1. Would you mind checking segment 116-140 for residues with the amide N under 16 Å from a putative spin-label position 7 Å along Cα→C-beta of residue 151?
2. Heads up, I need the accessible area for residue 81: 1.4 angstrom probe, whole protein in place, Å², nearest 10.
3. Just one of (1) 0.97; (2) 2.04; (3) 1.24 is Cα Rg over 2.2 N^0.38 Å as worked out from the coordinates here. Which one is it?
4. Can you list residues whose amide H is under 5 Å from residue 117's amide H, if they're 5+ apart or on another chain and H is modeled 1.01 Å from N?
5. Spelling out what I want: for every residue of segment 37-44, take phi, set θ = phi - 60°, compute 6.51 cos²θ - 1.76 cosθ + 1.60 (Karplus), and round to whole Hz; glycine and proline get x.
6. Take peptides 27-33, 114-120 and line them up by average Cβ neighbours within 10 Å, highest first, as a rough protection proxy.
7. Order 144-150, 122-128, 70-76, 104-110 from most to least packed using the mean count of other Cβ atoms within 10 Å.
8. Hey, can you find the accessible area per residue of segment 1-154 for me, probe 1.4 Å, expressed in square angstrom?
Amino acid sequence: GEPVATAQAQITAEHLRSTVVDEPSSSVKSGLVVKSTPAEGNIVSANTLVTLYVSTGAAPVTVPNVVGDQQSVAESTLTGKGFQVQTKADTTSTATAGQVISQSPSGGTAAPGSTVTITVSGGAIAVPSVIGDSQATASQILTTAGFAVSVQQGSGPAQYANGTVFNQIPATGAN
């Protein structure tokens, strides 16, 4: 459990040689000796090679794909694997509200305790097209979809009959 440089200095002072092998360890901090071969305390002849197994820290963990999961399920999955979770909202996404639409990192492995950022849909609704519909029909379609409707009277192009929608703001498909 001591720094590798300290262990190497002690080995050299005893007229021995050393080599280092990296090894993941969740219980020993990175850069500290996990164990040695032969083990400390053994009596060996001068110039014997001592292998120091040095911690690289905890082994990386596979990052699960949580895209498509609901936020609470995704957070539970990620924290269960030892990750911190940061959440961002995308208010323009038309995916179901609360559904994870992206994550970073999106896969591979990462160190336990590192942060995975998930982006969650705000459940925006695309604006339906009501151009060509009557004012009454257009108002009903938009109100049913959850939008507030403001009617502006005006004369439009000749191909639209009186009382027919010829323009809409926001445009079709906007969120």
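1. Answer for this model: 130-140.
2. Looks like 110 Å² after rounding.
3. (2)
4. Hits under the 5 Å cutoff: 86, 104.
5. After applying 6.51 cos²θ - 1.76 cosθ + 1.60, I find 10, x, 5, 4, x, 6, 8, 10 Hz.
6. Averaged packing, sorted descending, gives the order 114-120, 27-33.
7. On the way: 144-150: 10.0, 122-128: 14.7, 70-76: 16.3, 104-110: 12.0.
Going by the mean number of other Cβ atoms within 10 Å, highest first, we get 70-76, 122-128, 104-110, 144-150.
8. Numbers: 9000 Å² over 154 residues.
For segment 1-154, the per-residue accessible area is 58 Å².
The values are calculated or read from the model by the stated rules, or taken from the named source; none is laboratory data. Everything numeric here is computed off the predicted structure, so don't read it as measured data. We place every Cβ from the backbone using ideal geometry, glycine too, and count neighbours over all the protein chains shown. The area values use the complete protein model at the heavy-atom level, side chains included, leaving out ligands, DNA and RNA. Shrake-Rupley method; radii C 1.70, N 1.55, O 1.52, S 1.80 Å.
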